[in-house]
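Data first, discussion second: the structure below is written as structure tokens.
The values are calculated or read from the model by the stated rules, or taken from the named source; none is laboratory data. Predicted model, so just to flag it, every value in this text is computed and none were measured. With ideal geometry, Cβ positions are generated from the backbone for all residues, glycine too; neighbour counts draw on all protein chains shown.
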Amino acid sequence: MNFNTIFLKSFRVLLLPFALLYGVIVYVRNWLYNKQYLKSVQFNIPIICVGNLSLGGTGKSPMVEYLLSLLSDEYKIATLSRGYKRRTKGYALAGVNTTALEIGDEPMQFHIKYPSVSVAVGERRIEAIPQLIQDVPDLAAVILDDAFQHPEIAAGLNILLTDYSNLYCDDVFFPTGDLRDERRSAKRAHIIVVTKCPENLAETERDEIIEKLFPDQNQAVFFTSIAYDTPYHIYDPNKQWDLSLKDEVLLVCGIANPLPLKEYLHEQTHTYYQISYSDHHIFSIEDLNDIKNKFEQITANSKIILTTEKDAVRLVKYTEELNTIPLYVLPIKPQFLFNSKEAFNQLVIHYVAEFNKKNNGN
């Protein structure tokens, strides 16, 4: 553990009074909902909520994409996100000319990868859902991205994610820890997914984690690791690059937790260099010049620039500047451990099918 990490941890401990105050505010809000002084709103459509109890990345976007892949071939699906760090306000439905600045990184990523899916954003989801239903006729289901901490919406299927390296049961309130909701709010989840696990996670450790999470009998617990797919060129998905131990990679990323990605590159390539940016960084021409200059300093015969899908949606607009360099995008997806993929799929598919069956009176 380096000095910066020790200093940060010590500083966050000093913020404990603020964490206690934050916890009281969250407790009171949840108490008002539990006693029904504040009401949760239900909608006459299947709503799947994907979220977490903590700040930072737990793999929400890959899980949303997994659900879109699972459901969009058979159902008319929409996603609704807050649209974090976009330069617009209010409700918006993505269209042909929409940019990441208008709807945010992750929604733009969904919009590009799943053209048949309606992608909407709105800070007030309780107001955005009726508008989305009106804008998209025959909508069969809505996937709420990062909405678990919003109890004003009663989702029919709550999927709660927690990072293997920072389980919510071991965490405390922000700013001392990363929790933005009470640990007992996990009881609202129908499905709990422990994400970013080692691929070789032992069954004994799996059982220990389940015991720590202490789920109710009606809560299903799953475990996933990160699976990286073949990198593709930012302007041509059919142009791919198979990483090998002869490659030297310049990693360009602005994501909350790049550690799993760095570990992957350490194993799959000869070496890598990194240019780091803050989460949701808006790239400038100056940034592109820095990237190109750094890349030119790499002397290996086999070299590429690699970025994440989330970063790519903010880079893709620089066509003229990027056309001359080998910039590839590394896609990721959740990989279910312990042969549990089919069980997870069935829970999701059954929920949507039964809801629509009941609603249609069939």
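If only residues of the range 191-205 that are farther than 22 Å from Tyr264 by Cα and touching a residue at least 40 places away in the same chain (Cβ under 8 Å) are counted, the one that is surrounded by the fewest Cβ atoms within 10 Å (Cβ to Cβ) is Glu203.
Do you know which of the residues in the range 81-105 that are of a type in the set (Ser, Thr, Tyr) and surrounded by fewer than 20 Cβ atoms within 10 Å (Cβ to Cβ) is nearest to Val313 (Cα to Cα)?
Within the range 81-105, the first condition is being of a type in the set (Ser, Thr, Tyr), and the residues that meet it are 81, 84, 88, 91, 98-99.
Okay, now just the ones that are also surrounded by fewer than 20 Cβ atoms within 10 Å (Cβ to Cβ), so 84, 88, 98-99.
On the way: Tyr84: 14, Thr88: 17, Thr98: 11, Thr99: 8 Å.
Within the range 81-105, the match that is nearest to Val313 (Cα to Cα) is Thr99.
Being at pLDDT below 95, assigned by TED's automatic domain parsing to the domain that holds Glu205 and not hydrophobic (A, V, I, L, M, F, W, C) holds for only one residue in Pro151, Pro130, and it is Pro151.
Within the range 170-182, one or more residues are more than 22 Å from the chain's Cα centre (by Cα), modelled with pLDDT under 95 and more than 30 Å from Thr319 (Cβ to Cβ).
Here is a check on your reading of the model: is Lys294 part of a strand (DSSP E or B), among the charged types (D, E, K, R), touching a strand residue (DSSP E or B) at 6+ places or on another chain (Cβ under 8 Å) and surrounded by 15 or more Cβ atoms within 10 Å (Cβ to Cβ)? Spell out the reasoning first.
On the way: part of a strand (DSSP E or B): no; among the charged types (D, E, K, R): yes; touching a strand residue (DSSP E or B) at 6+ places or on another chain (Cβ under 8 Å): yes; surrounded by 15 or more Cβ atoms within 10 Å (Cβ to Cβ): yes.
No: the conditions fail for Lys294.
Residues in the range 231-248 that are under 29 Å from Glu286 (Cβ atoms) and out of contact with any helix residue (DSSP H, G or I) (no Cβ under 6 Å at 6 or more places or on another chain): 10 in all.
Farther than 12 Å from Leu327 by Cβ, surrounded by 18 or more Cβ atoms within 10 Å (Cβ to Cβ) and not charged (D, E, K, R): is that true of Thr299 in this structure?
no
Specify the residue that is farthest from Tyr84 (Cα to Cα); the eligible residues are those in the range 235-273 that are over 20 Å from the mean Cα position of the chain (by Cα) and of a type in the set (D, E, K, R). Here the residue is Lys246.
In the range 313-346, what count of residues is obtained for those that are surrounded by 15 or more Cβ atoms within 10 Å (Cβ to Cβ) and not in a strand (DSSP E or B)?
In the first step, residues of the range 313-346 are kept if they are surrounded by 15 or more Cβ atoms within 10 Å (Cβ to Cβ); the result is 313-316, 318, 321-322, 325-337, 340-341, 344-345.
Still in the running and not in a strand (DSSP E or B): 313-316, 318, 321-322, 325-326, 331, 337, 340-341, 344-345.
Summing the residues that are surrounded by 15 or more Cβ atoms within 10 Å (Cβ to Cβ) and not in a strand (DSSP E or B) in the range 313-346 gives 15.
Annotation: Asn238 fulfils all but one of (1) outside any loop (DSSP other than H, G, I, E, B); (2) surrounded by 12 or more Cβ atoms within 10 Å (Cβ to Cβ); (3) not basic (Lys, Arg); the unmet one is (2). Looking only at residues in the range 183-208 that are part of a loop (DSSP other than H, G, I, E, B) and of a type in the set (A, V, I, L, M), the one that is farthest from the chain's Cα centre (by Cα) is Ala202. Scanning the range 261-276 for residues that are part of a strand (DSSP E or B) and either surrounded by 15 or more Cβ atoms within 10 Å (Cβ to Cβ) or aliphatic (A, V, I, L, M) (or both) yields Tyr272, Tyr273, Gln274, Ile275. Within the range 81-98, the set of residues being within 30 Å of Lys357 (Cβ to Cβ) and under 13 Å from the mean Cα position of the chain (by Cα) comprises Ser81 only.
Might you check whether a residue that is aromatic (Phe, Trp, Tyr), surrounded by fewer than 18 Cβ atoms within 10 Å (Cβ to Cβ) and over 19 Å from the mean Cα position of the chain (by Cα) occurs anywhere in the range 219-231? Among the residues of the range 219-231, not one is aromatic (Phe, Trp, Tyr), surrounded by fewer than 18 Cβ atoms within 10 Å (Cβ to Cβ) and over 19 Å from the mean Cα position of the chain (by Cα), which makes the answer no.
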